[in-house]
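Every read-out reported here was derived from the displayed coordinates using simple, explicitly stated rules and does not represent laboratory data. The structure displayed is predicted, hence computed values, not measured ones. Neighbour counts are summed over all protein chains in view; Cβ atoms, including those assigned to glycine, are modelled from backbone coordinates with ideal geometry.
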Amino acid sequence: MTTTEYATGRTYGAPQVLRITVEAQSTDEFGLIDITATFVDASRNISGRVKTVAFPQENIGAAVLAAYDAGKYSTI
């Protein structure tokens, strides 16, 4: 598992920085990256798990944030 932080540039009382732990990651035959990750958003007191797809040139943090913004996460 890999843990990283992703600063979103947003502020919700404090700067929003997602602590992301990638639980599983694989690349399909088209080069797309399938990701299962958990995140902690301390600025909003929200934690969740996402399953998403990232393009090879896309930052995993941006892909996790996009899924989070779209409500495509389960609360943990």
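Ignoring everything except DSSP H segments at least 4 long, calculate the 222 nm mean residue ellipticity for the chain; use -39,500 (n - 2.57) per segment, divide by total residues, nearest 500.
On the way: 1 runs with 10 residues, N = 76.
After summing the helix terms and dividing by residue count, I get -4000 deg cm²/dmol.
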For this session: Take the Cα gyration tensor of the range 2-75, multiply each eigenvalue by 5, square-root it, and list the three semi-axes largest first, rounded to whole angstrom.
Result: 22, 12, 10
For this session: Name the most mobile residue of Thr38, Thr11, Thr21, meaning the one with the largest mean-square fluctuation, in a Gaussian network model of the chain with Cα contacts below 10 Å.
Result: Thr11
For this session: Measure nothing fancy, just the Cα-based angle from helix 60-69's long axis to the longest principal axis of the chain, in degrees from 0 to 90, nearest 10.
Result: 60 degrees
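Among 61-73, 45-57, 24-36, how do they line up from the highest to the lowest mean number of other beta-carbon atoms within 10 Å? Mind showing how you got there, number by number?
Numbers: 61-73: 16.2, 45-57: 14.3, 24-36: 11.8.
Final packing ranking: 61-73, 45-57, 24-36.
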